[in-house]
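The values are calculated or read from the model by the stated rules, or taken from the named source; none is laboratory data. The structure displayed is predicted, hence computed values, not measured ones. Counting neighbours? That spans all protein chains shown, and the Cβs are built from the backbone with ideal geometry, glycine included. To get the accessible areas, we keep the full protein, side chains included, count just its heavy atoms, and leave off ligands, DNA and RNA. Shrake-Rupley method; radii C 1.70, N 1.55, O 1.52, S 1.80 Å.
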Amino acid sequence: MALKVLICGGGVAGPALAFWLVRNGHQVVIVERSPVLRATGAQIDLRGQGIEAVKRMGLMDAVREKLVDEAGVSFIDAKGNVRGKVLANKSGKGAQSMTSEYEIMRGDLVRILYDATKDKVKYIFGQTVDGFAQNDQGVVATFSDGSSDTFDLLVGADGQGSQIRKHILPPDAPNEYHQLGVHMAYWFVPRIETDSNMCKSYLCPGGRMILTRSHNQAETQVYFTLRSDSEELRNIPKRSVGQQKQFWAERFRDAGWQADRFIEGMDTTENWFCQNVVQIKTDTWHSGRVVLLGDAAYCPSPLSGMGTSSGLVGAYILAGELARSEDLSQAFQNYHQKMRPFIDLVQPFNTGLLRWAIPNSQWEISLLHLILGLACFLRIPQLLSRFLSDRDGDWKLPDYPELEVDRK
């Protein structure tokens, strides 16, 4: 039975689901609040079964053409001296290291998915779903322009701040936002001669970290990270962009290394993003004819490296279950049942380790550099990557012959 489906969110997970749905003859509309395709954002990675999901879409060649050339991660001190280096595992065997074999800019992946769906999927930009009502016959969605339409199915793929999720959570549901005590801002600055294809990680006292990654010959990504449980920090993303930049500049002005250069770059950047690093944990992934996908349902946080892969895996499983069952309720239950073990593998995060990964004092930083230097000298990270598996462990992507395409 062909369904008329509304997907709220035009990032990665929503278009990935649309890709599969239109192949099975469903009519799909994607509504995106951005006035244009939001092909922006920083560097993301594909790992484990997320890579397999892309292969099953037949889009791996397109992804490979856009991969970022990142050789690995180097840990540096205030003078820029390398204290340890972890190279990417590009052997095709074992687990990805801190740098994935499949690093790609978010905007490039969004464009790949858009190009693969735009001819068969209706995209509506510059609008949101302001509300909806559902019954046994369908879901009536009301849009921000005042119009409305009826659909068989509504999918909330609208990120960790999902408005669709807020509508379907029970009144007595526990808070789905799990704070990790980490806060982040990132933006782009002009690349200089000393920037390279190595990601650089610099620690400074006060639970602060600066990370840089160069994705092309013109630009370098800068990440400022703070480890703190401060309520003030949680509210920073709600302030104006100018106030956000002022806050981060003040916090990092004395950080050393190239902090002055990065702070100066805040003024001219066209790519600015500020966020609290959180996880979304809820058992309510669906209600009636409404279902959640990707970060809206199970955001594992940027620190996990599994956010994009989770969205791609979830899209494939949800589409597969919809192809197998005309009973929406049963399809949603099966989606939850098959996806939950994967999320239970990739979402757990030991926040206690953050104290050591982003230390408060200089002596802790010096000790960490000593340990990292010894481990890298002994090639322990490479050995771990070769013999361990990614965070999804032995979990394998289910097979849905109903969705098969040529795999490249």
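Structure above, values below:
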read-out	value
The stretch 1-25, residues that are touching a residue at least 40 places away in the same chain (Cβ under 8 Å) and surrounded by fewer than 22 Cβ atoms within 10 Å (Cβ to Cβ)	Met1, Leu3, Lys4, Val22, Arg23, Asn24
Complete set of residues in the stretch 13-57 that are of a type in the set (Val, Ile, Thr) and part of a strand (DSSP E or B)	Val28, Val29, Ile30, Val31, Ile44
Pick from the stretch 73-88, criterion at pLDDT below 90 and in a strand (DSSP E or B), ranking: most open to solvent (accessible area, probe 1.4 Å)	Lys85
Of all residues making up the stretch 125-156, the number that are in a loop (DSSP other than H, G, I, E, B) and under 18 Å from Ser329 (Cα atoms)	5
Residue match in the stretch 203-214 (condition: in contact (Cβ under 8 Å) with a residue 60 or more places away in the chain, over 24 Å from the mean Cα position of the chain (by Cα) and in a loop (DSSP other than H, G, I, E, B))	yes
Which numbered condition Thr308 misses (of (1) in a loop (DSSP other than H, G, I, E, B); (2) closer than 30 Å to Glu219 by Cβ; (3) open to solvent by 20 Å² or more (accessible area, probe 1.4 Å))	(1)
Scope the stretch 1-39; condition touching a Gly at 6+ places or on another chain (Cβ under 9 Å) and among the polar types (S, T, N, Q); matching residues	Ser34
Residue check for Asp69: farther than 14 Å from Ala13 by Cβ and assigned to a loop (DSSP other than H, G, I, E, B)	yes
The stretch 28-37: number of residues that are touching a helix residue (DSSP H, G or I) at 6+ places or on another chain (Cβ under 7 Å) and open to solvent by 20 Å² or more (accessible area, probe 1.4 Å)	1
Positions within the stretch 215-257 being of a type in the set (Val, Ile, Thr), assigned to a helix (DSSP H, G or I) and crowded, with 19+ Cβ neighbours inside 10 Å, in sequence order	Ile236
Among (1) more than 19 Å from Thr220 (Cα to Cα); (2) among the charged types (D, E, K, R); (3) assigned to a loop (DSSP other than H, G, I, E, B) - the single one Glu270 does not satisfy	(1)
Count of residues meeting criterion [at positive phi and either modelled with pLDDT of 95 or more or in contact with a Ser or Thr (Cβ under 9 Å, 6 or more places away or on another chain) (or both)] in the stretch 33-57	1
Helices (runs of 4 or more DSSP H) wholly inside the stretch 319-394 containing at least 2 residues that are open to solvent by less than 40 Å² (accessible area, probe 1.4 Å), farther than 19 Å from Thr282 by Cβ and modelled with pLDDT under 85	362-377, 380-387
Residue satisfying condition, being without any contact (Cβ under 8 Å) to a residue 24 or more places away in the chain, more than 17 Å from Trp395 (Cβ to Cβ) and not hydrophobic (A, V, I, L, M, F, W, C), within set Asp295, Asp344, Asp327	Asp327
Extreme residue, nearest to Arg234 (Cα to Cα), among residues of the stretch 260-302 that are open to solvent by 50 Å² or more (accessible area, probe 1.4 Å) and under 12 Å from the mean Cα position of the chain (by Cα)	Pro302
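Yes/no per residue for (1) farther than 30 Å from Gln347 by Cα; (2) touching a Cys at 6+ places or on another chain (Cβ under 8 Å); (3) hydroxyl-bearing (Ser, Thr, Tyr):
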{"residue": "Ala18", "(1), (2), (3)": "no, no, no"}
{"residue": "Asn24", "(1), (2), (3)": "yes, no, no"}
{"residue": "Val28", "(1), (2), (3)": "no, no, no"}
{"residue": "Pro35", "(1), (2), (3)": "yes, no, no"}
{"residue": "Ala42", "(1), (2), (3)": "no, no, no"}
{"residue": "Gly48", "(1), (2), (3)": "no, no, no"}
{"residue": "Gly58", "(1), (2), (3)": "no, no, no"}
{"residue": "Ser74", "(1), (2), (3)": "no, yes, yes"}
{"residue": "Gly80", "(1), (2), (3)": "yes, no, no"}
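Table: residues versus (1) surrounded by fewer than 18 Cβ atoms within 10 Å (Cβ to Cβ); (2) out of contact with any helix residue (DSSP H, G or I) (no Cβ under 9 Å at 6 or more places or on another chain); (3) over 17 Å from Gly9 (Cα atoms).
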site	(1), (2), (3)
Gln134	no, yes, yes
Ser144	yes, yes, no
Ser147	yes, yes, yes
Thr150	yes, yes, yes
Leu153	no, no, no
Gln160	no, no, no
Lys166	yes, yes, no
Ala173	yes, yes, yes
